[in-house]
Amino acid sequence: MPRTGTWLFVLCLQLAASPLLCAQNRGEANRLAREIFQQLIEINTTDSVGNVTTAAEAMATRLRGAGFAEKDVIVAGPNDRKKNVVVRYRGTGKRKPILFIGHLDVVEARREDWTTDPFKFIEQDGYFYGRGTEDIKEGDAMLVANFIRLQQEGFVPDRDLILALTADEEGGNFNGIDWLVREHRDWIDAEYCINLDGGEFEKDKGKLLSAAIQASEKVYVDFQFESLNPGGHSSVPSQDNAIYHLSAALSRLQAFSFPLEVSEITRNYFARTAALTSGQLSTDLKAVSQQPPDQGAVQRISKDPYFNSLLHTTCVATMLSGGHAPNALPQTARANVNCLIFPGEEPEDVLKTLQRVASDPKISITMVPQLSPDGKPTKIVSVPPSPLRPELTSAMEKTIATMWPGLPLVATMSTGATDGKYLRIAGIPTYGIACMFYELDDNRAHGKDERVGVQDFYDGVEFNFRLIKTLSWPQ
């Protein structure tokens, strides 16, 4: 970048951070982002009764109203209830596009389980409550608000910026990213992708710990455990009981731990995190980052569910069904076992391990097929990590310095799976950058009374805005 360009860029960041302009610009941006956030939360986008298309159309209407051309705002998908919105912000074309993604669908939420209505946007005690506030409508709202803000400012990036907000990341048969990759790759093809559904910034009891780039993720696979039996009258029970066979197999699974796995990304994560902590935990994290890892340290930190998930493939029973009448011996007993598989490990090998752990010929274990939008089973494959890009890490560090000087940047692996897998498999490197802070001990995604901090959300809006500009500032 020429010296004049560098000076102008730095001046722009300084002006954006000046108290008067910052208060005015951020105040307007926050109001818009909050309005969009509320609108999204109050549109039910669950798989059972929700409508993702309604949310996609609502965002498309906002973007067209902000001046985006009709041809650059597309709402499309293979199912009337599960459409996606894809937006192209035109740049000079000097560099290849960047794709930004988030998903519009959310997991189920029952009113009787929540303190508040999960589909009402509630601000209370410094938090925003509602289904999707953490996963991931806050990210959707940030992206839509910032695309509108950039458009209103007249910003001309040196590359196209593409936004895709999609369906069925949480489940269902019409995954939006999968469909776009297969049917309309030209709409979303990019040099790389930034996924706001990953790379959470961490804080502990209000203390900011680190920002993150998620460059790897686990592979999601469900397995069905099933026990069949002729059954009979409950007045003449026997030891050969489908429910007993299943429960015994699940107990053996509960006591089992998959082998230790450490990748370059997780090794660096443990080393960086060791420097941010103290005491025995810091010592153990550093020991786990060594080659080979210290086994005693591995055992100690594996007692923490999050660290355990970073070190192992995990499989856990999530759903049960069995029996057909209160006074009959069960003819069937089934369980869904959800596995998050460490990158590089094949699902077929996990199946063999589960069969060995169950150790019961009366238990059959099968991989639950994942279906494409046309109803056909798709092959489940390992997801390659994305190599860290100096352009992206440098932009992250510069943007972090404008908001939280000295905050470390850490590369991470997601313990769950995201839509990034479809893009990585398709050859588009993908990086999770959530842009906002989450409390380590207050993860409510998919759970009761889901929430995010109000100020954390507003800071995320501003960080995301500055990052987009940094990545697309004319060279």
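The values are calculated or read from the model by the stated rules, or taken from the named source; none is laboratory data. In this text, all values refer to a predicted model and were calculated from it rather than measured experimentally. Because the Cβ atoms are built from the backbone with ideal geometry, glycine has one as well, and the counts that use them run over all protein chains shown. Heads up: the accessible areas ignore ligands, DNA and RNA and are worked out on the full protein's heavy atoms, side chains in. Shrake-Rupley method; radii C 1.70, N 1.55, O 1.52, S 1.80 Å.
What to note about this one:
- Being touching a residue at least 12 places away in the same chain (Cβ under 8 Å), in contact with a Pro (Cβ under 9 Å, 6 or more places away or on another chain) and either over 21 Å from Arg267 (Cα atoms) or not β-branched (Val, Ile, Thr) (or both) is true of Pro385.
- Considering the stretch 440-468, the residues that are over 18 Å from Gly132 (Cβ atoms) and not hydrophobic (A, V, I, L, M, F, W, C) include one that is nearest to the chain's Cα centre (by Cα), namely Asp441.
- Some residue of the stretch 347-370 being closer than 27 Å to Ile194 by Cα and loosely packed, with under 14 Cβ neighbours inside 10 Å: no
- On the stretch given as the stretch 283-297, residues that are surrounded by 20 or more Cβ atoms within 10 Å (Cβ to Cβ) and in a helix (DSSP H, G or I) total 4.
- Residue count for the stretch 117-144, restricted to those that are among the hydroxyl-bearing types (Ser, Thr, Tyr) and open to solvent by 30 Å² or more (accessible area, probe 1.4 Å): 1
- Phe37 at negative phi, over 26 Å from the mean Cα position of the chain (by Cα) and among the aromatic types (Phe, Trp, Tyr): no
- Residues (buried (at least 16 other Cβ atoms within 10 Å of the Cβ) and within 28 Å of the chain's Cα centre (by Cα)) located in the stretch 322-337: Ala335, Val337
- Residues of the stretch 318-345 that turn out to be more than 15 Å from Phe258 (Cα to Cα) and of a type outside the set (Ser, Thr, Tyr), as a count: 16
- Inter-residue pairs, beta-carbon under 7 Å, first β-branched (Val, Ile, Thr) and in the stretch 197-212, second at pLDDT 95 or above, 6+ apart: none
- Only one of the numbered conditions (1) modelled with pLDDT under 95; (2) of a type in the set (D, E, K, R); (3) more than 27 Å from the chain's Cα centre (by Cα) is violated by Glu264, and that is (3).
- The stretch 245-271 residues that are over 21 Å from Pro305 (Cβ atoms), paired with ones that are open to solvent by less than 60 Å² (accessible area, probe 1.4 Å) and of a type in the set (Asp, Glu) (beta carbon under 6 Å, 6 or more apart): His245/Asp360; Ala249/Asp360
- Scanning the stretch 193-215 for residues that are in contact with a helix residue (DSSP H, G or I) (Cβ under 7 Å, 6 or more places away or on another chain) and either within 18 Å of Ser386 (Cα to Cα) or among the β-branched types (Val, Ile, Thr) (or both) gives Cys193, Asn195, Leu196, Asp197, Gly198, Ala211, Ile213, Ala215.
- Figure legend. Inter-residue proximity from the stretch 352-368: first residues farther than 17 Å from Tyr244 by Cβ and touching a residue at least 60 places away in the same chain (Cβ under 8 Å), second residues among the acidic types (Asp, Glu) and open to solvent by less than 50 Å² (accessible area, probe 1.4 Å), beta-carbon distance below 6 Å, spacing 6+ or different chains. Indicated pairs: Val368/Asp222.
- In the set Ala395, Ala411, only one residue is touching a Ser or Thr at 6+ places or on another chain (Cβ under 9 Å), in a helix (DSSP H, G or I), under 27 Å from Asp189 (Cβ atoms) and among the aliphatic types (A, V, I, L, M); that residue is Ala395.
- In the stretch 27-59, residue most open to solvent (accessible area, probe 1.4 Å) [restricted to those that are more than 16 Å from Val75 (Cβ to Cβ) and hydrophobic (A, V, I, L, M, F, W, C)]: Val49
- One residue stands out in the stretch 371-392 among those that are in a loop (DSSP other than H, G, I, E, B) and among the charged types (D, E, K, R): the one that is most open to solvent (accessible area, probe 1.4 Å), namely Lys379.
- Some residue of the stretch 398-417 being of a type outside the set (Val, Ile, Thr), at positive phi, free of Cβ contacts under 8 Å to residues at least 60 places away in the same chain and open to solvent by less than 60 Å² (accessible area, probe 1.4 Å): no
- The stretch 219-242, subset among the small types (Gly, Ala, Ser) and part of a loop (DSSP other than H, G, I, E, B), residue most open to solvent (accessible area, probe 1.4 Å): Ser235
- Within the stretch 400-437, tally of residues that are under 19 Å from Asp105 (Cβ atoms) and either under 11 Å from the mean Cα position of the chain (by Cα) or charged (D, E, K, R) (or both): 9
- Any hit, the stretch 438-448, residues being surrounded by fewer than 20 Cβ atoms within 10 Å (Cβ to Cβ) and free of Cβ contacts under 8 Å to residues at least 60 places away in the same chain: yes
- Just so you know, in the stretch 94-116 the residues that are open to solvent by 50 Å² or more (accessible area, probe 1.4 Å) and either touching a residue at least 40 places away in the same chain (Cβ under 8 Å) or among the acidic types (Asp, Glu) (or both) include one that is farthest from Ile43 (Cα to Cα), and it is Lys94.
- Candidates in the stretch 60-89 are the residues that are among the acidic types (Asp, Glu) and either in a loop (DSSP other than H, G, I, E, B) or in contact with a strand residue (DSSP E or B) (Cβ under 7 Å, 6 or more places away or on another chain) (or both); of these, the one that is least open to solvent (accessible area, probe 1.4 Å) is Asp72.
- Hits in the stretch 153-170 - residues which are within 18 Å of Pro474 (Cα to Cα) and either under 18 Å from the mean Cα position of the chain (by Cα) or open to solvent by 10 Å² or more (accessible area, probe 1.4 Å) (or both): Glu153, Gly154, Phe155, Val156, Asp160
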